[in-house]
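Readers should treat all values here as calculations from the given coordinates under stated rules, not as data from a laboratory. As the structure is a prediction and not an experimental result, all values here were calculated from the model. We place every Cβ from the backbone using ideal geometry, glycine too, and count neighbours over all the protein chains shown.
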Amino acid sequence: MRNYNKHPLRIFIGVGHGGYDPGAVNKTLGLTEAGINLTIALLMERDLKRHGVQVQLSRYTDEDDRLKEEIAECNAYNPDFAVEIHTNAGGGTGFEVYYQLEPWEHSKLSLEMAKRFDTNVQTHFGVKTRGIKTNRNLGWLSQVQAPCVLVENFFIDGERAAWYAEPAQLKRFAKAYVCAILDYYGMAYVADNSSCQMVKYQVLDANGAKECASRAVLIDGNWYVHLRQFSQNLGKDVHYDNGANKITVYSPEDYKVSETGFGLLRIRDYETRLDRVMAGIE
């Protein structure tokens, strides 16, 4: 793992096959390698972007996507790291990952990332893998001008192909790959937007720093805190006017919400107690 100070992190995902070339096929199950690869890549893109990572895919639909074109797109994007997604065939079973041997300045990062991919797949699926491999004949590993790996998700014609191809398992592959990438760059994986996390932060004023904590969601690499909770940490409150579709943050010492339907009123505008009672703020 290394601390990553360059922002934002750029990842390129090569989506193997597509269009006229479906890749490996399982006619019995109605599976194509091109479709499986794209599903995983799109899930990865969504998850990585939540964490503030810039992502480019070689394709976003089932279209022609030759390897030569993928490599050219990747080199033009100039990513910090790139991964090519494939699904195996040949009657075997299990995941495997290939890393670069050359150039030497990329090989160490590629190997470290391959180890993380392999470990995360084992952890997320609770299975042994086919391990980490090299192949000098793979154009992706020899021609991409950035550190990269090539993954083979599983065997589309293997005995467990139907299980691996289930939507829940494809999502698990995507998460394992994202966790591997984030882990290498020292970034913690955060659960999906649908679940909140507790985040800690400081609020500074003339008296110093106040330690606060609020529940928040992670979107595009940024934490979003509930407005009322955050405002209360600042000594403020929030008024939601649904009729006017208006949100106002205010100081309770200066404003009150009228109990008689007048909305948010400034206290000093009502000088006597009778005025305040009539306005519904006392």
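Loop only by DSSP, 16 or fewer other Cβ within 10 Å of the Cβ. Give me the GluC sites (Glu not before Pro) in the range 72-159 that pass, ordered by residue number. Walk me through the numbers on the way to the answer.
Numbers: sites: 73, 84, 96, 105, 112, 152, 159; in loops: 159.
Sites meeting the loop and neighbour criteria: 159.
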(request) Mind checking which aspartates and glutamates have their Cα closer than 20 Å to the Cα of residue 256? Skip sequence neighbours fewer than 8 apart in that chain. (result) 237, 241, 269, 271, 275, 282
(message) Only four residue types carry charge here, +1 at the Cβ of Lys and Arg and -1 at the Cβ of Asp and Glu. Report the dipole size of the chain about the Cα centre in Debye, rounded to the nearest 20.
(response) 660 debye
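Just order 127-136, 225-234 by mean Cβ neighbour count inside 10 Å, highest at the front, would you?
Details: 127-136: 13.7, 225-234: 15.5.
Ranking, from highest mean packing down: 225-234, 127-136.
Give the calculated FRET efficiency between residue 275 and residue 227 to the nearest 0.05, with a Förster radius of 35 Å applied to their Cβ-Cβ distance.
Values: r = 30 Å, r/R0 = 0.87.
E between residue 275 and residue 227, to the nearest 0.05, is 0.70.
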(request) State to the nearest 20 debye the size of the charge dipole of the range 197-279 about its Cα centre, where the only charges are +1 on K and R beta carbons and -1 on D and E beta carbons. (result) 140 debye
(message) Rg over Rh of the range 68-128, using C-alpha atoms and the Kirkwood radius, what does it come to?
(response) 1.02
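Please give the direction-averaged projected area of the C-alpha convex hull for the range 157-226, in square nanometres with one decimal. Before the final figure, lay out each step's value.
Details: hull surface 27.9 nm².
With the hull built on Cα positions only, its mean projection is 7.0 nm².
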(request) Just need log10 I(q)/I(0) for the range 181-282 at q = 0.13 Å⁻¹, Debye formula, equal scatterers on the alpha-carbon atoms, no solvent, rounded to two decimals. (result) -0.67
(message) Compute the helix-to-body angle for 67-77: its Cα long axis versus the longest principal axis of the chain, expressed 0 to 90° and rounded to tens.
(response) 40 degrees
(request) Jot down the radius of gyration and Dmax of the chain, Cα atoms only, both in angstrom. (result) 26.3, 88
(request) Taking the dipole about the Cα centre of the chain, with the C-beta of Lys and Arg at +1 and of Asp and Glu at -1, give me whichever of 173, 188, 17 is farthest to the positive side. (result) 188
